[in-house]
Amino acid sequence: MNKLLKIYSSITGKLAVGFDVTLLLFRIVLAYGFYSTSSMKWQNISGVAEWFGSLGIPMPTLNAYMAASTESAGVVLLTLGLATRLISIPLIIVMIVAIVTVHWVNGFEAGNNGYEIPLYYLLMLLMLLVNGGGRISLDNVFKRWLNGKIK
């Protein structure tokens, strides 16, 4: 039994390295996803504001700019792993608003413009909010520098 525990401990210890790779992959996938949505918003911000208004979103022009700006900042910060926890908060809000105002009525299925993809983004963002950007991030570089481990 002791030998099994040692084997299990050895395997899980090696898998822990994969956790940081997983956080990196989450950040890259999210940055890519937000790149397309933010680009679309910036290409027709007045149309997005009009659409937001038709959805009953208050101050649609302001909210269109805020959503596009948040997503654009998310692309840069998530890619770099910089201020990962901080940028996750407004991105989570954007995902909740998207789910409630646009996708919920279409059901779960992504093929029907349902809330499946925004829900996955929301869950990945929650993971980043709780765990940060991981060891493969600028957050970690700055943390190590501030703690005197990098000179």
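The values are calculated or read from the model by the stated rules, or taken from the named source; none is laboratory data. Note that this is a predicted model, so its numbers are computed, not measured. When we count neighbours, we look across all protein chains shown, and the Cβ atoms used for this are built from the backbone with ideal geometry, even at glycine.
Mind checking which pairs have a first residue in region 1-26 that is farther than 11 Å from residue 135 by Cβ and a second that is at pLDDT 90 or above and in a helix (DSSP H, G or I), Cβ under 8 Å, 6 or more apart or different chains?
Listed pairs, sorted by first residue: 26/124; 26/127; 26/128.
Pick out the one residue from 65, 121 that is over 23 Å from residue 17 (Cα atoms), at pLDDT 95 or above and of a type outside the set (Val, Ile, Thr).
Being over 23 Å from residue 17 (Cα atoms), at pLDDT 95 or above and of a type outside the set (Val, Ile, Thr) holds for just one of 65, 121, which is 65.
Taking the stated definitions as given, is residue 56 part of a loop (DSSP other than H, G, I, E, B), under 21 Å from residue 93 (Cα atoms) and in contact with a helix residue (DSSP H, G or I) (Cβ under 8 Å, 6 or more places away or on another chain)? Give the derivation first.
Values: part of a loop (DSSP other than H, G, I, E, B): yes; under 21 Å from residue 93 (Cα atoms): yes; in contact with a helix residue (DSSP H, G or I) (Cβ under 8 Å, 6 or more places away or on another chain): yes.
The answer is yes for residue 56.
Would you mind telling me which numbered condition in (1) over 15 Å from the mean Cα position of the chain (by Cα); (2) touching a residue at least 40 places away in the same chain (Cβ under 8 Å); (3) assigned to a loop (DSSP other than H, G, I, E, B) residue 102 fails?
(3)
Does any residue of region 39-47 turn out to be within 30 Å of residue 81 (Cβ to Cβ), buried (at least 17 other Cβ atoms within 10 Å of the Cβ) and touching a residue at least 24 places away in the same chain (Cβ under 8 Å)?
Initial filter on region 39-47 (within 30 Å of residue 81 (Cβ to Cβ)): 39-43, 45.
Narrowing the set further to residues that are buried (at least 17 other Cβ atoms within 10 Å of the Cβ) leaves 41.
Filter once more, keeping what is touching a residue at least 24 places away in the same chain (Cβ under 8 Å): 41.
Within region 39-47, one or more residues are within 30 Å of residue 81 (Cβ to Cβ), buried (at least 17 other Cβ atoms within 10 Å of the Cβ) and touching a residue at least 24 places away in the same chain (Cβ under 8 Å).
Please pick out the residue among 147, 113 that is surrounded by fewer than 12 Cβ atoms within 10 Å (Cβ to Cβ) and polar (S, T, N, Q). Talk me through it step by step, then tell me what you get.
Numbers: 113 fails: surrounded by fewer than 12 Cβ atoms within 10 Å (Cβ to Cβ).
Only one candidate passes the filter, namely 147.
Among the residues that make up region 8-31, is at least one of them exposed (fewer than 12 other Cβ atoms within 10 Å of the Cβ), of a type in the set (Gly, Ala, Ser) and not in a helix (DSSP H, G or I)?
Here is the first cut: in region 8-31, the ones exposed (fewer than 12 other Cβ atoms within 10 Å of the Cβ) are 8-18.
Narrowing the set further to residues that are of a type in the set (Gly, Ala, Ser) leaves 9-10, 13, 16, 18.
Right, trim to not in a helix (DSSP H, G or I) and you get none.
Looking for residues that are exposed (fewer than 12 other Cβ atoms within 10 Å of the Cβ), of a type in the set (Gly, Ala, Ser) and not in a helix (DSSP H, G or I), one finds none in region 8-31, hence no.
Can you pull out the residues in region 73-86 that are farther than 16 Å from residue 37 by Cα and of a type outside the set (D, E, K, R)? Let's see the steps before the verdict.
So the first thing to find is which residues in region 73-86 are farther than 16 Å from residue 37 by Cα, and the list is 80-86.
Of everything in region 73-86, those that are farther than 16 Å from residue 37 by Cα and of a type outside the set (D, E, K, R) turn out to be 80, 81, 82, 83, 84, 86.
Mind checking whether some residue in region 72-79 is over 13 Å from the mean Cα position of the chain (by Cα), among the small types (Gly, Ala, Ser) and surrounded by 15 or more Cβ atoms within 10 Å (Cβ to Cβ)?
The answer is no, given that none of the residues of region 72-79 is over 13 Å from the mean Cα position of the chain (by Cα), among the small types (Gly, Ala, Ser) and surrounded by 15 or more Cβ atoms within 10 Å (Cβ to Cβ).
Answer with yes or no whether residue 85 is touching a residue at least 12 places away in the same chain (Cβ under 8 Å), part of a helix (DSSP H, G or I), touching a helix residue (DSSP H, G or I) at 6+ places or on another chain (Cβ under 6 Å) and surrounded by fewer than 16 Cβ atoms within 10 Å (Cβ to Cβ).
Here the answer is yes, as residue 85 does meet what is asked.
Consider only pairs whose beta carbons are under 9 Å apart and that are at least six residues apart or on different chains; among these, list those whose first residue lies in region 111-131 and is assigned to a helix (DSSP H, G or I) and among the acidic types (Asp, Glu) and whose second residue is modelled with pLDDT of 95 or more and surrounded by fewer than 17 Cβ atoms within 10 Å (Cβ to Cβ).
So the pair list comes out as 116/107; 116/108; 116/109; 116/110.
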